[in-house]
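Please read the structure below before turning to the comments.
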Amino acid sequence: STRFFPMLTTAAGTVKPATVLVLGVGVAGLQALATAKRLGARTTGYDVRPEVADQVRSVGAQWLDLGISASGEGGYARELTDDERAQQQKALEEAISGFDVVITTALVPGRPAPTLVTAAAVEAMKPGSVVVDLAGETGGNCEL
């Protein structure tokens with residue numbers, strides 16, 4: 001079904017607001033959450049650094065807790081172990097299918113961008129859903 005960022009109520013009925021998931025909650029991720037929220041979307045943020053949950057909530061978004069913590073030096077994320085990565089991808093594949101828009105901004109300093117959105121996750125998304133990969137310059141967070 002058609003989705004707009006704000007909820008619309010018209011003579012023809014009500015259109016629910018778009019749901020937006022932002023993966024990677026640094027400067028770009030927080031801005032994406034705040035902008036989508038201002039436009040009327042229902043927003044959710046995820047990061048491997050659980051200490052940023054309060055920042056996500058401060059812009060009016062929900063926090064997606066996958067139970068993985070990978071905080072590194074200086075407030076940046078560290079690279080995940082193979083087990084953590086497998087756990088994260090399984091949990092994200094399940095979560096992503098429920099969103100209309102997925103915006104990825106996740107980076108690990110000095111490394112290629114981590115793959116967060118697998119081809120299987122994209123295939124499970126609803127028709128008309130959108131993935132915006134802001135980490136494309138360093139390899140991208142989306143497998144496709």
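The values are calculated or read from the model by the stated rules, or taken from the named source; none is laboratory data. These numbers were taken from a predicted model, which means no experiment stands behind them. Don't worry about glycine lacking a Cβ; one is built from the backbone with ideal geometry, like all the others, and counts go over all protein chains shown.
Observations on the structure shown:
Table: residues versus (1) within 17 Å of Ala36 (Cα to Cα); (2) modelled with pLDDT of 95 or more.
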position	(1), (2)
Gly75	no, no
Asp83	no, no
Ala95	no, yes
Ile103	yes, yes
Gly110	no, no
Ala119	no, yes
Glu123	no, yes
Ser129	yes, yes
Gly139	no, yes
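- Complete set of residues in the range 1-52 that are free of Cβ contacts under 8 Å to residues at least 40 places away in the same chain, among the hydroxyl-bearing types (Ser, Thr, Tyr) and either under 13 Å from Thr104 (Cα atoms) or assigned to a strand (DSSP E or B) (or both): Thr9, Thr10, Thr14, Thr43
- Condition check for Ala41: at pLDDT 95 or above and within 17 Å of Leu92 (Cβ to Cβ): no
- The range 66-92, subset over 21 Å from Val122 (Cβ atoms) and touching a strand residue (DSSP E or B) at 6+ places or on another chain (Cβ under 8 Å), residue surrounded by the most Cβ atoms within 10 Å (Cβ to Cβ): Ala77
- Matching option when the condition is hydrophobic (A, V, I, L, M, F, W, C), touching a Cys at 6+ places or on another chain (Cβ under 7 Å) and outside any helix (DSSP H, G or I), among Val108, Val131: Val131
- Failed item, numbered, when Val48 is tested on (1) at pLDDT 95 or above; (2) touching a strand residue (DSSP E or B) at 6+ places or on another chain (Cβ under 6 Å); (3) hydrophobic (A, V, I, L, M, F, W, C): (1)
- Number of positions in the range 19-47 that are within 10 Å of the chain's Cα centre (by Cα), surrounded by 24 or more Cβ atoms within 10 Å (Cβ to Cβ) and either more than 23 Å from Pro114 (Cα to Cα) or not aromatic (Phe, Trp, Tyr) (or both): 12
- In the range 93-105, the condition of being on the phi > 0 side of the Ramachandran plot, in contact with a helix residue (DSSP H, G or I) (Cβ under 8 Å, 6 or more places away or on another chain) and in contact (Cβ under 8 Å) with a residue 12 or more places away in the chain is met by no residue.
- Only one of the numbered conditions (1) over 28 Å from Val15 (Cα atoms); (2) not in a loop (DSSP other than H, G, I, E, B) is not met by Glu93, and that is (1).
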